[in-house]
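First up is the structure itself, then whatever we jot down about it.
The values are calculated or read from the model by the stated rules, or taken from the named source; none is laboratory data. The model shown is predicted, which means the values in this text are computed figures rather than measured ones. So basically every Cβ, Gly included, is an ideal-geometry build from the backbone, and we count neighbours across all protein chains shown. For accessibility, only protein heavy atoms count, side chains too; no ligands or nucleic acids. Shrake-Rupley method; radii C 1.70, N 1.55, O 1.52, S 1.80 Å.
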Amino acid sequence: MESTTEPEARERLSLELETALLRELKQSYDDINAAYFRRALKPATIELGDAERYLGRWHRETRSIEIARRLVLDRPWGVVVEVLKHEMAHQYVHEVLGVLDEKAHGPAFRGVCQKLGIDAAASGLPIDPGSAPEGETRVLERIAKLLALAESANVNEAQAAMNAAQRLMLKYNIDSVGDRAQRGYGFRHLGKPTGRVSEAERRLASILGRHFFVEVIWVPVYRPLEGKRGTVLEICGTHANLEMASYVHTFLTRTAEQLWQAHKKSRGMNGNRDRRTYVAGVMAGFDEKLSNQRKVNEQEGLVWVRDADLGRFYRARHPRIQHVKYAGGPRTEAHAEGRAAGRRIVLHRPVEGGPSGGVRLLPGKS
């Protein structure tokens, strides 16, 4: 029987979610105030608005920050937090620095954003590297072609192409850092927010941080439509390195699942009891393979020293970083078989055009 109170229930749920959302935004405000502004900001009112022309706005007269509902509902939580930081920077300029005679995005505001690692763009959106500098575009084109060659049915040829792509990326990063070339940095969030991070996901994050020239960190997020908190992987780096790491993340996630399905079929298994252990083994095996290749590169004189400028960008974005050690899962037969499968993975990629006609390593949305 259809309930006549169902619309009212939905409305109450919507109100409950909105109340929880405002509470979460207020908590984020307090956290940002402590981490970035050293509690210099006098707490402001947080409210939601239905404006279409802007994503967030600082109202000096009413001492309130308005966040657009469409932003919260349509964009990932990481974007919402970046907009909130942007508006708090406006509050800081007005109330702490006392600068009232400049344009909204004038020198004082840009200076605060630069110092604190906050996006100063008028839109308030997080920095999207967008079109890469010419040098990074060229190296991405060459890497894409090498990864296309890595699809070869000849195992040795495929492996050689993958190694060549890694070596090219390594040499490019070594040269650009050594030459003190101007490198712009941005960030991306990879994967879907999750309530619990698996060993395989942590190993994949470690692979990106150790081998693909990005800084990685697990950051808290909020899921407004569910009223739940979660965690998502953030990577920081240059456009080229973000592009490559993003692709590797998607490639390994899909490949590990395909390997598990093939493993199940070959063993005549029905359930997924050993899936997490097997996939963690896949990531461990691929990490081992990359580490062995890194030793070969080092013997050839290609030694990577971390990018100090990226380190400063990363620490500005995350003033309070906690390092936590996690014990791995059981090293069962499933883990060993996954590890062996991971060591056989060859990173490959057919050449595809991006939305603007340029090379894009990241696969299109399915």
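Between the Cα long axis of helix 155-178 and the first principal axis of the chain there is an angle of about 40°, rounded to the nearest 10. Here residue 103 and residue 47 are evaluated by their C-beta separation; at R0 = 25 Å the FRET efficiency comes out at 0.55. Angle of helix 275-299 to the longest C-alpha principal axis of the chain, folded into 0 to 90 degrees and rounded to 10: 70°.
A dipole drawn for the chain from +1 and -1 charges on Cβ atoms has a positive end, and of 83, 301, 68 the residue lying farthest that way is 301. Evaluated with a Cβ-only charge set (Lys, Arg +1; Asp, Glu -1), the chain carries a dipole of roughly 1160 debye about its Cα centre, given to the nearest 20. The angle between the Cα long axis of helix 107-116 and the main principal axis of the chain comes to about 40°, on a 0 to 90 degree scale. Each residue was assigned an accessible area with a 1.4 Å probe, and for residue 19 the value is about 80 Å². Legend: residues 101, 274, sorted from most to least accessible area (1.4 Å probe; ligands, DNA and RNA excluded), read 101, 274.
Listed by chain and number, the aspartates and glutamates whose C-alpha is less than 19 Å from the C-alpha of residue 42, apart from same-chain residues fewer than 8 away, are 24, 30, 31, 61, 66, 87, 95. With the convex hull drawn over the C-alpha atoms of the chain, the volume per residue is 187 Å³.
Summarising the amide proton neighbourhood of residue 48: residues at separation of 5 or more, or on other chains, whose placed amide H is nearer than 5 Å comprise 67. Just tell me which lysines come within less than 30 Å, Cα to Cα, of residue 295; anything on the same chain fewer than 8 places away is out. In chain and number order, the partners are 145, 171, 325. Overall, the accessible surface of the chain at a probe of 1.4 angstrom is composed of carbon and sulfur to the extent of 50 percent. Simple point charges give the picture: +1 on the Cβ of Lys and Arg, -1 on the Cβ of Asp and Glu, and for the range 251-290 a dipole about the Cα centre of about 220 debye. Contact order, relative form, for the chain: 17 percent (alpha carbon pairs under 8 Å, 6 or more residues apart, mean separation divided by residue count). Projecting the Cα positions of 44, 148, 221 onto the charge dipole of the chain (unit charges on Cβ atoms of Lys, Arg, Asp and Glu, taken about the Cα centre) puts 148 furthest along the positive direction. In the range 46-172, Cα pairs under 8 Å separated by at least six residues give a relative contact order of 16 percent.
In this structure, the pairs whose alpha-carbon distance is over 22 Å, taken from 192/265; 192/228; 26/85, are 192/265. For the range 248-261, 3J(HN,Hα) computed residue by residue from phi via the Karplus equation (6.51, -1.76, 1.60; θ = phi - 60°) reads 4, 4, 5, 4, 5, 4, 5, 5, 4, 5, 4, 5, 5, 4 Hz, glycine and proline entered as x. Entry comment: accessible area of the chain is 55 Å² per residue, from protein heavy atoms only and a probe of 1.4 Å.
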